[in-house]
Amino acid sequence: MLEVKNLTKIYPGDVLALDKVSFKVEPGEFLACIGLSGSGKSTLLRCINRLVEPTAGEIVWNGVDITRASQDEMLRIRRKMGMVFQHFNLVSRSKVLTNVLAGRLGYVNPFMSVFNRFPKKDIDLAMQQLERVGITDQAYKRADELSGGQQQRVGIARAMVQEPEMILADEPVASLDPVLAHTIMQYLEQINKEDGVMILCSLHFLDLVHRYADRAIALNEGLLMFDGPPGEIDDEKFKEIYGKEAERIG
Amino acid sequence: MKKERSLLRSIGIAVAIIVVLVVYAFAFSVTDVNFETTRSEERLTQLTRILRALAHPDIIEYDKEEMDVEVPFYMPCPEDGEPEIEVDKSGPYIVVDPPCAGPKEFVTINGFNFIPETRGPLNFIPPSGAKLQIGNFETNSDGEFEIKTELPNRQPVEEAQIIRATARMNVGSPRLSPLAWSTIDKILETVFLALLATTFGTLLAIFISFLAARNLMEEVKSPLTSVALSVLGWTVGIGLGIQVARWIGGFSESLSEDIIVILVGILISSLVIWLIVRWAVPAEEIKQPKLSVRIARLLALAVAAGLVLFVFNFIAYLGFYIGDYLEDNLGPFGFLGNFVFQLSDIFRMITPALAAMAVGGVLGSFSGRIGQLVSDSWSPNAVKFINVIVSGIAGATVFALVGAGIDWLYQIGDLTRTFYIPAGVGALLGMALALWVTPKRALPIGSVIYTITRTLLNATRSIEPLIYVIIFVVWVGIGPFAGALALGLHTTAALAKLYSEQVESILPGPLEAVQATGANRIQTIVYAVVPQIVTPYISFTMYRWDINVRMSTIIGFAGGGGIGFLLQQNIRLLDYRAASTQMIAIAIVVATMDYTSSILRKRFV
C-alpha cells in the first residue's frame, strides 16, 4: 500500500508545486491523476521515486517512509517502481534491447553492467517483455529508428523488466494519437490486472480515465481537488478541477 | 518627457562613439601602427628579396654542370690605349664594353652562344684569384645576355684581370633535394607528435569531463560528516595506495629476473583474480547480503586488487623482454619492439598512480558512506559534535598538505611555518565550518568539485603549449617527446572543457529514466550519458587533432621537436628558400588534415 501524507514540494524561487497532498493507493489499484498542465502531476509522481526531492510530508510504501530513505536504500526502492514517460525517454542511440535491459541496472552487478554484461536470465526476461508488447523483431534496432508508439512500448518493457510492484506513468499517451493511446493504455491495464501491479498514471483525457482507472485524484495548482471513482467527476467537479472557462472534450 | 529621453539617448550614443574612437586611438599608439614604414624603399627591397626567396622553395635539385667563360679585362685602361681582345667565337663567349675601365665604373657585359635559359654568377677575378661577384646573368632563348654592372673598388694593377661568367646547367632528371627529404622526415614526426598528444589528451579528458559537467555534479550532495570523512579517506588512501604499489613493485621486480616466473605469475594471479571476482561480485543481487559476507567480499576484492597490481607489473616486465627481443630481431621493424617497451614502461609508471586513485577512491567512498550513515542515523547534536572533530581533522590534513607543497616549492624548511601553523589554521577553519553548517544538511560538494575542476581547466588551458614545452624540455630534453607532452597537457584541458559542455547539453529525459530504474551514478553515466556523447566526442577529438597538427608545426620553436625546429633554424639563418620548403610542407599537411577530418566527421557523425 502507498500512503502519501501532506506531501509538499516547493521549488527554488518559492514555486509551490504540491500543497499538503494526501491520498492512499491500495495494492493492485489503477489510479489516474488528472489536472491541468503545471498542476503538479509530474512533480507528484517524481516525488514518489524521489527523482524530485519532496520539501515536506511523508510517502509510506510497504511500511517504509521513502522520504527518509538513504541514497542506497532509495536505489533499492526504485528498483520496484517502474516509470513510463510522456516523451518515452529512451536513449536514442542505444539498441532497443539495451534500453530495456537498463531496467535491470538496479539488480545486476554494477561492475559487470559497466561493460554491458547482463546475465542470460535478464536478457531472456527483456526479450519476454518485448514479446509481450509485440516488438521482438525490433530488439536489435536503434531506439530512434522506432515510431512513437513502438518507443512507448519499449518504455513499458523497460519498466516491466524491473519486476515492479508499482508503475508511475507520467502522461504515457500524451504524445501519441488516440488509437495508439488506447493500445498503450491496454498494455498498462493488462499489467495492472494480470500482474497485479499498482499503477499511478497521469492523464489528460477524461474518457481514458473513465475507461481504465479504478479511481482518480485531481490536482489544481498543487492542491488535491478530488479523490474518488472516475464516475463521480460530473460537470461541476470538472469546472472545479479545470477552472470555470474550461470546456469538456472527450 | 519623451523628447528629453531621446536627447539623453543621443548624448549617450555620442559619448559611446567618442569612447570607441579613443579606445582605437590608444590601440593604434600601443601597437605602433605606422604605415610609413610599409612604404620605405629600403624595407620594400628587403621584403621583395624575402618574398622572392620564399617563392623559390628548395625542393627539387639537379646534378649541376658548370662551365666557365672568361675574358681578360684591364683595370684601369693601359696607357697605350684600349687593348685589343681576341675572342674565340666558336663556343660561348663574353664581350665587355668598354674592354677596360677604372674601379667603380660601369661596364656592359654581353654574352653570346650560351645554352639558352641558363643562369649563373658573373665574377671579377683579380690576380690574387679571389672571386668578386659583380652580378648574375640569365640567358634568353637565343643563349645571349646583357648586363650593366659596376666594377669592384680594387687597387689598380697593370696586368690583365679576368671577368668570368659561370654558366650552371641542370643535367639529368630532377630529384628531391636533401632539404626536402629532411623536411618530409620532420613533417612525419610532427604528425605523429600530434597523434600521440591527441590520444593521451583525449583519454585523460574523458574522465575529467564528467567532473566538469554541471548537470552531473550539481546533484552530488553530501552532509559535512561524509565530506570530511571522505577527504580523510582519500588522503590516507592515496598515501596507502602509493606505498602498496611500491611494495608490490619492488617485490615483482625481485621476481622479474626469470621470464618463466613472470609467465607463471601472470597466469596464476589472473586465475585467482578471476575466481575472486566470480565469488565476490555476484551477477545479480535481489536482497542485500549480511554484513559479514559483505566484509569478506571487500577483503577478497582488496586481495584481488593487489594481485591486479602484481599482474600489471609483471605484464610490464614481460613487455620489456618482448620489446627487447623484437628490437634486436625485427631489423627495420625494430621500432615495434620499442613501442612494446615504451608501452610497458607507461604501464609500470601508471601502476602506482592507478593504485593511489583506486585505494583513495575505495577508502574515500567507504568513509564517505560511513559519514552518510552517521549523519542519517544519529541525533543532530551528536552529528554536530562528530562534525566538529572530523571536519577539524580534515581541514588540518588539507592545510598541512598545502603547507608541505609550499615547503617543497620554496624550501622553507621551518616546521612551525609549514606544518603546525597551516594545520592549526585548517583545523580551526574546519571546526568553524562544522559549527556554522546545519548538522545534517546536504552540502553541494559536487558543485565545489565542479568549480575547482573548471578553474583548473581554465588555468591550464589559458597557457599555450608553446610555454609548457619549455618546462617539458627541461624535464625530458629537447625533442618531439617534450612537444607531445606539452601538447597533450593542453589538449587535456581544452578537450575536457569541450567534452563537459557536451555532457551538459545532453537530453535530461533518458538520464531521468535510467535513474528511475535504481541505477547508481556510474551506471547512469554509462547507460544514459555515454551513448549521447559518443558522436560529439569523436568529432571534437578529430577537430583537436587538426589543431594539434597545426600547433605541433610551431612547437619546435621552443624545442619541442617536429618541423618547427627546422623552420626556426632556417629563418634565423636567413635561409628563406629552405624555410619556404618547410612552410609548403606545413600547408600541405594542414590542408590534408582539414580535408580528411571533414570527410571522417561526415562519415561518423
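Remarks
- Tilt relative to chain B, helix B:576-604 - C-alpha long axis, 0 to 90 degrees, to 10: 40
- Legend: ranking of residues A:Glu240, A:Glu247 from fewest to most surrounding C-beta atoms inside 10 Å; resulting order A:Glu247, A:Glu240.
- Helix A:148-160 axis, angle to chain A major axis (alpha carbon atoms, nearest 10°): 80
- Binned Cα-Cα distance frequencies in region A:45-184 - 5 Å width, integer %: 2, 10, 19, 21, 19, 14, 9, 5, 1, 0
- Distance between region B:24-53 and region B:86-130 - C-alpha centres, whole angstrom: 39
- Here region B:192-246 is treated as a Stokes sphere of Kirkwood radius computed over C-alpha pairs; at 4 °C and 1.567 mPa s its diffusion coefficient rounds to 91 µm²/s.
- Electrostatic bookkeeping for B:Val590 treats Lys and Arg as +1 and Asp and Glu as -1; over the other residues with beta carbon under 12 Å from its beta carbon, the sum is -1.
- Equivalent ellipsoid dimensions for chain A as semi-axes, Å, which come from the Cα gyration tensor, largest first: 30, 22, 16
- Summary of the geometry: region B:316-373 and region B:427-499, compared by the centres of their Cα atoms, lie 23 Å apart.
- Each listed q (0.15, 0.17, 0.24, 0.26 Å⁻¹) maps to a log10 I(q)/I(0) for region A:43-115 from the Debye sum over equal C-alpha point scatterers, namely -0.62, -0.77, -1.17, -1.25.
- Two-site FRET efficiency, B:Lys64 against B:Glu41, from Cβ-Cβ distance with R₀ of 35 Å, rounded to 0.05: 0.50
- Length gained when the stretch B:Met169-B:Trp408 is fully extended (0.36 nm per residue, less Cα-Cα span): 79.4 nm
- Among B:Leu298, B:Leu498, the ranking by other beta carbons within 10 Å of each residue's beta carbon, starting with the fewest, stands as B:Leu298, B:Leu498.
- Cα-only radius of gyration and Dmax that characterise region A:88-129, units Å: 10.0, 27
- Local electrostatic count, B:Phe540, Cβ distance below 12 Å [Lys/Arg +1, Asp/Glu -1]: +1
- Net charge, B:Ala494 excluded, C-beta distance under 10 Å - Lys, Arg +1, Asp, Glu -1: +3
- Semi-axis lengths, Å, region B:240-360, gyration tensor of Cα atoms, sqrt of 5 times eigenvalues: 34, 15, 13
- The protein assembly as shown: translational diffusion in µm²/s, Stokes-Einstein, Kirkwood Rh over Cα pairs, 25 °C, 0.890 mPa s: 70
- The trypsin sites (Lys or Arg not before Pro) found in region B:391-453 that occupy coil by DSSP, while having at most 12 further C-beta atoms within 10 Å, are B:Arg441.
- Its Cα gyration tensor gives region B:127-262 an equivalent ellipsoid; the semi-axes, largest first and in whole Å, are 77, 26, 19.
- Cα-derived Rg to Rh of chain B, Kirkwood definition: 1.16
- If the convex hull is drawn through the Cα atoms of region B:438-510, its volume per residue in Å³: 139
- Shielding value for B:526-533 is 5, the average number of Cβ atoms from other chains within 10 Å of each residue's Cβ.
- Between B:Val19 and A:Asp177, the distance separating the two model label sites (each 7 Å from Cα on the Cα→Cβ line) works out to 5.9 nm.
- Cβ-based exposure ranking for A:Lys20, A:Lys244, B:Lys384, in which fewest neighbours within 10 Å come first: A:Lys244, A:Lys20, B:Lys384
- Helix B:41-54 and the longest principal axis of the C-alpha atoms of chain B enclose an angle of approximately 70°.
- Computed over region A:69-148, the percent of Cα pairs more than 16 Å apart is 57.
- Restricting region B:151-231 to GluC sites (Glu not before Pro) that sit in a DSSP loop and have at most 15 other Cβ atoms within 10 Å of their own Cβ leaves B:Glu158, B:Glu159, B:Glu218, B:Glu219.
- Calculated Rg and Dmax of region B:1-110 using C-alpha coordinates, Å: 33.0, 105
- Helical contribution to [θ] at 222 nm, DSSP H n ≥ 4, -39,500 (n - 2.57), averaged over chain A, rounded to 500: -10000 deg cm²/dmol
- Dividing the convex hull volume of the alpha-carbon atoms in region B:61-193 by its residue count gives 145 Å³ per residue.
Read-outs: derived from the displayed coordinates by stated rules, not from any lab. Remember, predicted model here, so these are calculated numbers, not experimental data. Here Cβ is always computed from backbone atoms with ideal geometry, including for glycine, and neighbour counts include all displayed protein chains.
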